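Reviewing the structure listed below.
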Amino acid sequence: MLSVQPVIEIVPKGPIVLMEGDDLNLFCYLHSGVPKPEVYWLIRNDENDTEHLEQELRFTDVVRQHTGQYVCLADNGFGLKPVSQEVSIIVQCK
């Protein structure tokens with residue numbers, strides 16, 4: 001079976017600057033990959049690293065704790081590690 005490295009895109013592109021109370025939908029689009037990759041988010045902030053196993057992150061009423069690095073990963077076994085793209089989110093006080 002032919003394997004093709006995943007191609008992903010984060011929308012919107014960053015860095016993303018928000019004010020406390022704003023809303024944000026962050027998408028990780030999968031453009032290609034064979035076999036079909038698993039796509040998920042790794043969220044890195046001051047508190048800890050967490051995984052989110054969906055292609056979309058929805059934020060309502062953001063707070064400063066949402067500030068951090070958000071990494072989209074796509075893994076289909078092609079290569080030694082998943083393909084990744086990263087976006088920074090910065091939440092400012094009102």
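Rule-based calculations on the coordinates, nothing more; no lab input. As the structure is a computational prediction, the values presented were derived from the model and not from experiment. Cβ sites come from the backbone with ideal geometry, for glycine too, and all protein chains shown count toward neighbours.
May I have the extent of the alpha carbons of the chain along their three principal axes, as whole Å values ordered from largest to smallest?
For the chain, the Cα spread along each principal axis is 53, 23, 18 Å.
Going highest first, how would you order 22-30, 56-64 by mean Cβ packing within 10 Å?
My ranking of the peptides, most packed first, is 22-30, 56-64.
Multiply the residue gap between V11 and L42 by 0.36 nm, knock off their C-alpha separation, and tell me the result in nm, one decimal place.
Full-extension gain reported as 9.6 nm.
Can you tell me the length gained on complete extension of the stretch L80 to V34, counting 0.36 nm per residue apart and subtracting the Cα distance?
Net length gain for the segment: 15.0 nm.
Less than 15 Å apart at the alpha-carbon level, and either on another chain or at least 8 residues along: which aspartates and glutamates does that give for K94?
E20, D22, D23, D61
Considering the chain, which cysteines have no disulfide-compatible partner, defined as another cysteine with its Cβ under 4.7 Å away?
Result for the chain is C93, no neighbouring Cys Cβ within the cutoff.
Which lysines, on any chain, are close to K36 with Cα under 27 Å apart, when same-chain ones fewer than 8 places away are left out?
Within the straight-line limit of under 27 Å, K36 reaches these lysines: K13, K81.
Starting from the Kirkwood Rh over alpha-carbon pairs, what translational D in µm² s⁻¹ does region 1-49 have by Stokes-Einstein at 37 °C and 0.692 mPa s?
245
What distance in nm separates the simple spin-label points at E56 and D23, each placed 7 Å from Cα in the Cβ direction?
That separation, rounded to one decimal, is 1.2 nm.
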